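The values are calculated or read from the model by the stated rules, or taken from the named source; none is laboratory data. The model shown is predicted, which means the values in this text are computed figures rather than measured ones. A quick note on method: Cβ atoms are made from the backbone with ideal geometry, for glycine too, and the neighbour counts reach across all protein chains shown.
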């Protein structure tokens, strides 16, 4: 992943992690559960994929460790929370724009069920 992730497509793992963090700070297990819920259980991210992606995303400036710490009575104090950065939000927005463009092309060429040519 390059330092400027907004220049190219995001990997599916990075896209799902950014989507999960766009809703608020989360710890690793919380990110995995949010990705699973958001994808209606179609995407299941294991710890290796998650933590490898998180490290690369921190290095790229897409996310950072949050100052948020859990209430020790409610959560494990050792959990590290992550938050999306401005760069991460920009990369997510750029990726979603790319997806919108692809969907528009598919609609124009009648590749999507129920789509008509030129939006008519």
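Taking the stated definitions as given, is residue 103 assigned to a helix (DSSP H, G or I) and either modelled with pLDDT under 95 or more than 19 Å from residue 8 (Cα to Cα) (or both)? So that I can check it myself, show each step before the final result.
Values: assigned to a helix (DSSP H, G or I): yes; either modelled with pLDDT under 95 or more than 19 Å from residue 8 (Cα to Cα) (or both): yes.
Spelling it out, residue 103 is indeed assigned to a helix (DSSP H, G or I) and either modelled with pLDDT under 95 or more than 19 Å from residue 8 (Cα to Cα) (or both).
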Can you tell me which residue within the stretch 45-69, out of those that are touching a strand residue (DSSP E or B) at 6+ places or on another chain (Cβ under 8 Å), assigned to a loop (DSSP other than H, G, I, E, B) and surrounded by 14 or more Cβ atoms within 10 Å (Cβ to Cβ), is modelled with the highest pLDDT? 62
Scan the stretch 55-70 for residues that are closer than 16 Å to residue 11 by Cα and in contact with a helix residue (DSSP H, G or I) (Cβ under 7 Å, 6 or more places away or on another chain) and jot them down. 57, 60, 61, 62, 63
In the stretch 31-44, which residues are without any contact (Cβ under 8 Å) to a residue 12 or more places away in the chain and either crowded, with 18+ Cβ neighbours inside 10 Å or under 20 Å from residue 78 (Cα atoms) (or both)? 33
I'm checking my understanding of the structure. Among residues of the stretch 71-81 that are part of a loop (DSSP other than H, G, I, E, B), under 30 Å from residue 10 (Cα atoms) and in contact with a strand residue (DSSP E or B) (Cβ under 9 Å, 6 or more places away or on another chain), which one is modelled with the lowest pLDDT? 79
